[in-house]
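Structure record follows, encoded as structure tokens.
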Amino acid sequence: MEYYVRMRGFGSTTQKILLLLLSGTAIAFSYSPSRAKRIFRATASEWRDINRRESWRAIRRLYESKLIFYQEEKDGAIHIVLNREGKQVALRYRIDELSIRKPQHWDRRWRVILFDIPETKRPLRDSLRHQLKQLGLVEFQKSVFVHPYDCRDEIDFIIELYNARRYVRFIEAVSVDNELHLKRKFRLK
């Protein structure tokens, strides 16, 4: 929460640069070449839309806020990298845009998200539960959520945002014992 408050003063160019730097991380960790290509295509057009002078001011503000670090090479090339705090800020900006895409046809698989977060991290557990509900997942049990559509990328995004990878598991199932109830909840045939 403190990261969001600190970023409120930055303009849209600064926010865009943060998200573009984050997309570089997404490309590095994407498992499929087609996904990396989609991310690259989307970000290339965004870079062209940023005014060069504005971008340098925004990068300077990010550097002064200690959200990025950069290194100048001998040949004049500059490498700009989000640090851990910068990634958290960039992820927070994207959380509002997050939604699960509904395909035309349901593949008849259930996505089950399980988590076991210790009592000492109760705020994390409550935030994760709230975020999963916001995304449209149905609470199957207190620490078990279900969704009929592919949502692995969205769940990975939330897990990274909350730094909860070690507590969360993702399962795809072909049947659930109260499937009829879930089908009604999600309006499936």
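The values are calculated or read from the model by the stated rules, or taken from the named source; none is laboratory data. Fair warning: this is a prediction, and the values are worked out from it, not measured in the lab. Quick reminder, even Gly has a Cβ in these numbers, built from the backbone with ideal geometry, and neighbours come from all protein chains shown.
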- [ ] Those residues that are under 15 Å from the mean Cα position of the chain (by Cα) and acidic (Asp, Glu), I need them from the range 151-179; list them, please.
- [x] Asp153, Glu154, Asp156, Glu160
Open item on the list: Going by what's in this entry, would Arg111 be described as of a type in the set (D, E, K, R) and either part of a strand (DSSP E or B) or loosely packed, with under 12 Cβ neighbours inside 10 Å (or both)?
Closed with: yes
TODO: Please enumerate the residues belonging to the range 57-71 that are without any contact (Cβ under 8 Å) to a residue 12 or more places away in the chain and either outside any helix (DSSP H, G or I) or of a type in the set (Phe, Trp, Tyr) (or both).
DONE: Tyr63, Tyr70, Gln71
Open item on the list: List the residue pairs whose Cβ atoms are under 8 Å apart, where the first residue sits in the range 115-138 and is within 27 Å of Arg187 (Cα to Cα), the second is among the hydroxyl-bearing types (Ser, Thr, Tyr) and assigned to a helix (DSSP H, G or I), and the two are 6 or more positions apart or on different chains.
Closed with: Phe115/Tyr167; Ser127/Tyr162; Leu128/Tyr162; Gln131/Tyr162
TODO: Output the residue which, of all residues in the range 124-146 that are surrounded by fewer than 17 Cβ atoms within 10 Å (Cβ to Cβ) and of a type in the set (Lys, Arg), is modelled with the lowest pLDDT.
DONE: Lys142
Task: Residue ID - farthest from Arg109 (Cα to Cα), chosen from residues in the range 154-178 that are touching a residue at least 40 places away in the same chain (Cβ under 8 Å) and assigned to a helix (DSSP H, G or I) - done: Leu161
